[in-house]
Amino acid sequence: MTQIKENSGSWQEGMAKSITFIVTKDCQLACKYCYLVGKNEKERMPFDIAKKAIDYVLSNREMFNESSVIYDFIGGEPFLEIELIDKICDYLKEQMFILNHPWFNSYRFNFSTNGLLYNDPQVQKYLHKNRTHLSVGITIDGTKRKHDMNRVYKDGHGSYDDVVKNIPLWLEQFPGSGTKVTVGSADLPYIVESVMHLYSLGIKDVNINVVFEDIWKYGDDVLLEDQLLQLADIIIDKELYKDHACSFFSDFIGNPQDPVLDNQNWCGAGKMLSIDAEGNFYPCTRFAKYSLRSKPPIIIGNIHDGINTNLLRPFLTLDRCTQSTRECIECEIASGCAWCQGENYDAADTPTIFQRATAICKMHKARVHANNYYWSRLSRIMEKEELNKLRKESLRCNI
Amino acid sequence: MQYLIIILDESANSFCYYPNPNREAKLINLSLLKKAIFYAQKNGLSINFLLGKAKLPKEYLKEIDKVSHIFIMSQNHISDDVFDVFVSDLTLDDNLSETHSNSDSNIILRIDKSQIAELSSKVIALTGKFKRINITIQNIDLFTQKDFDIYAQELEKLSEVFENKINIIGDEECNVLSDRIVLEKMNNCDAGVKHITLAPNGKFYICPAFYYEDDNNSVGDLQNGINVKNQQLYHLSYAPICRVCDAYQCKRCVWLNRKTTLEVNTPSHEQCVVSHLERNTSKKMLIKIQKRGLQVQANEIPDIDYLDPFDKVNRWK
């Protein structure tokens, strides 16, 4: 059987509770596609706020009853606050131990970083100290020209050179790690070269997606499809599919979805908990003020009063069909068409999470076309391999 | 859309879950009223008029008389000029035994959660005086377990009175007890679906609560018509919790929903539990009535093991 590498899932595959500390809203970069519209240098989480949040979470086992936990640290750029993070993690470990909390035996600290501070001695010290409980992803968008189109410093110059030098150390410390690539309108022509470049850097797992926001121009779907068709050919011709993954290609996308059996929501907003510097709780970071362009934040509680469970009810009962248009529900290639609950809310005609944004509709269709082509070619190769194998066996029998 | 609610006077008292606006009397402009009535006529809508403190001038009454309507007003403002009255805003502070009696009318009794321990004794004082008693509890969203317990006890006491008064369902109704017995499907308020409200400023609102909360909540005006964005969310089929629920008598108040959960299609835990306490008491009452040998045109109300249907539809539990 032909080996096909799939994208790695997250630790515990969505079964763990996700608790996010927004430790800072500052970042060295000002990425052009960043949805964090309210980044600033002022809002840094005080340790006391983190401590109270931890006390609340760990003392409410009934509400937080998952068997595992992922503590996410995000920003801005989380490594800007490595000292604070180290202190928070020490407190978490100490308290989980003291309380004999089941999470003490099943926790992860998770980071998505721009990678600029990865080799910083303080960051390295932290990584070494917590290495058995860490997941770290560095974002690098591909080739220098693609990366530097979007991932720029505040003065406008690209960050590629400063990130790429840290990739070898990262892959050495976290072998098999994947990177997350975001594609906007302007950098569509550079998808193929970028995925190939990332593979050449030793990153075998590329999680790549187009932005959910409504930025797409006429003809972008054609460009995307063209790029993905080229990418499909290269991955197949070079047999890269055996040990490299690219999330644009997946065998579960592009099928109709049953309104009853396939009615689950795409994302886990509401299942996760996000905490900001003021001690406010959010159903996901995307509902914090600094993430929203046009809507008020959805604050579901705070470290003093706890969670208002009434505000969680819409999130926990949300399903695919209730928020989708008739066209989406009846779409013949609906599976794999993703959405971000926060972007849905931000783009909705009224302040609701029940209106699905459809800005990526054409882009999804383009992806499905290329994906069908990819699997059509790949399955034929597998078919032939199977046939050859059978023929050989048959010949052996006849001899 | 089936009917239009027209707020004739800014000072109109609340007849529902929203708090009394406590505004000064100010009548809707007569020309606006004419346009509103014309709009209703063109669109085949009947009209509920909300009256306030101001006495209606003759020219207003003349216009109103042109269209099929009912009035909703506070008992303190009843005058001889108006008929077909729904009386609202009785509170437990009122002397209920001296309330105007009208066996053809409905009465709306707004009770604050702080007064629910007195509910049964006060409601009993109204029985026999009206065709129907509609109980609306204020501040449901602040109910605690203790309040749920008291409300359940009061419903029980009320049911003992009503089950003995009822020979044929429909003789005398009390919304929180008799509605569930006769209903076979949801009978919610349906603001935004079956009715819409016109405020004195000439703009449409989902219901009066949305107007009094913030007049920027408008969903159109007389000139441009009604434009409810995401209107599907006001329909039962777009309410994940309510569409699996059988507390058919629940008002499913979209204003309370938005206030408590930020979504018009999602009720709070408190609203669900209150409605289920009513449902379950109705079930017990129905069984007792049937045991008396009375023929009641009602389906059996099934046993359920929850008070909040959220427990059935929580997709992440």
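Any read-out appearing in this document is the output of simple, stated calculations on the displayed coordinates, not a laboratory observation. Note that this is a predicted model, so its numbers are computed, not measured. Glycine gets a Cβ as well: all are built from the backbone with ideal geometry, and neighbour counts include every protein chain shown.
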Inset, instruction - In debye, nearest 20, what is the charge dipole magnitude of segment A:273-359 about its Cα centre with +1 on Lys and Arg Cβ and -1 on Asp and Glu Cβ, if you could check? - result: 80 debye
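Using Cβ counts within 10 Å as a stand-in for footprinting exposure, how do A:Ser135, A:Ser379, B:Ser159 rank, fewest first? Intermediate values should be presented prior to the final figure.
Working: A:Ser135 16, A:Ser379 12, B:Ser159 23.
If I rank by nearby Cβ atoms, fewest first, I get A:Ser379, A:Ser135, B:Ser159.
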Legend entry - Cα pair distances exceeding 40 angstrom across the protein assembly as shown, given as percent: 46 percent
Inset, instruction - Compare B:Asp104, B:Asp65, B:Asp112 in a GNM of chain B, Cα atoms joined below 10 Å, and give the one with the largest fluctuation. - result: B:Asp65
Inset, instruction - Could you list B:Arg23, A:Arg61, A:Arg108, A:Arg396 in order of exposure, starting from the residue whose Cβ has the fewest other Cβ atoms within 10 Å? - result: A:Arg396, A:Arg61, B:Arg23, A:Arg108
Inset, instruction - Write down Rg/Rh for segment A:273-359, rounded to two decimals, with Rg from the C-alpha atoms and Rh from the Kirkwood relation over Cα pairs. - result: 1.02
Legend entry - Positive-pole candidate from A:Ala277, A:Met15, A:Gly75, dipole of chain A, charges at beta carbon: A:Met15
Legend entry - At most 14 other Cβ within 10 Å, DSSP loop - GluC sites (Glu not before Pro), segment A:1-73: A:Glu6, A:Glu41, A:Glu62
Legend entry - segment B:260-300: GluC sites (Glu not before Pro) in DSSP coil with no more than 16 other Cβ atoms inside 10 Å: B:Glu300
Legend entry - Cross-link table A:Lys5/A:Lys25; A:Lys42/A:Lys154; B:Lys283/B:Lys312; A:Lys25/A:Lys365, entries beyond 24 Å C-alpha to C-alpha: A:Lys5/A:Lys25; A:Lys25/A:Lys365
Inset, instruction - At a Cα cut-off below 22 Å, give the lysines reachable from B:Lys62, other chains included and same-chain residues fewer than 8 away excluded. - result: B:Lys26, B:Lys34, B:Lys35, B:Lys42, B:Lys53
Legend entry - Listed residue (A:Ile85, A:Tyr56, A:Cys328) projecting farthest to the positive dipole end of chain A, Cβ model: A:Ile85
Legend entry - Cα→Cβ-extended label distance, 7 Å offset, between A:Lys242 and B:Ser237, nm: 5.3 nm
Inset, instruction - Mind checking which lysines have their Cα closer than 18 Å to the Cα of A:Lys125? Skip sequence neighbours fewer than 8 apart in that chain. - result: A:Lys87, A:Lys93
Inset, instruction - State, as an integer percentage, the relative contact order of chain B based on alpha-carbon contacts under 8 Å between residues 6 or more apart. - result: 17 percent
Inset, instruction - List the relative contact order of segment A:322-370 as a percent without decimals, with contacts defined as Cα pairs under 8 Å and 6+ residues apart. - result: 36 percent
Legend entry - Likely footprinting exposure, A:His304, A:His364, B:His69, fewest C-beta neighbours within 10 Å first: A:His304, B:His69, A:His364
Inset, instruction - Output ³J(HN,Hα) for segment A:263-275: one whole-Hz value per residue in order, computed from phi by the Karplus curve 6.51 cos²θ - 1.76 cosθ + 1.60 with θ = phi - 60°, and x for Gly and Pro. - result: 9, 6, 5, 6, 10, x, 4, x, 7, 8, 9, 10, 10
Inset, instruction - Specify the residue with the greatest mean-square fluctuation among A:Lys42, A:Lys365, A:Lys146, computed from a Gaussian network of chain A linking alpha-carbon atoms under 10 Å apart. - result: A:Lys42
Legend entry - Formal net charge of residues neighbouring A:Tyr345 (Cβ-Cβ distance under 9 Å; K, R +1; D, E -1): 0
Legend entry - Percentage relative contact order, segment A:256-305, counting C-alpha pairs under 8 Å, at least six apart: 27 percent
Legend entry - J(HN,Hα) series, segment B:113-119, from Karplus relation 6.51 cos²θ - 1.76 cosθ + 1.60, nearest Hz, glycine and proline x: 4, 5, 10, 5, 5, 9, 3
Inset, instruction - Select from segment B:181-223 those trypsin sites (Lys or Arg not before Pro) which occupy a DSSP coil region and have at most 11 other Cβ atoms within 10 Å, ordered by residue number. - result: B:Lys185
Legend entry - FRET efficiency, B:Arg292 to B:Glu184 (Cβ-Cβ, R0 25 Å, nearest 0.05): 0.65
Legend entry - Extension gain from B:Glu118 to B:Lys62, taking 0.36 nm per residue of separation minus the Cα-Cα distance: 16.0 nm
Legend entry - Estimated inter-spin distance, A:Gln230 and B:Lys229, nm [label 7 Å along Cα→Cβ]: 4.0 nm
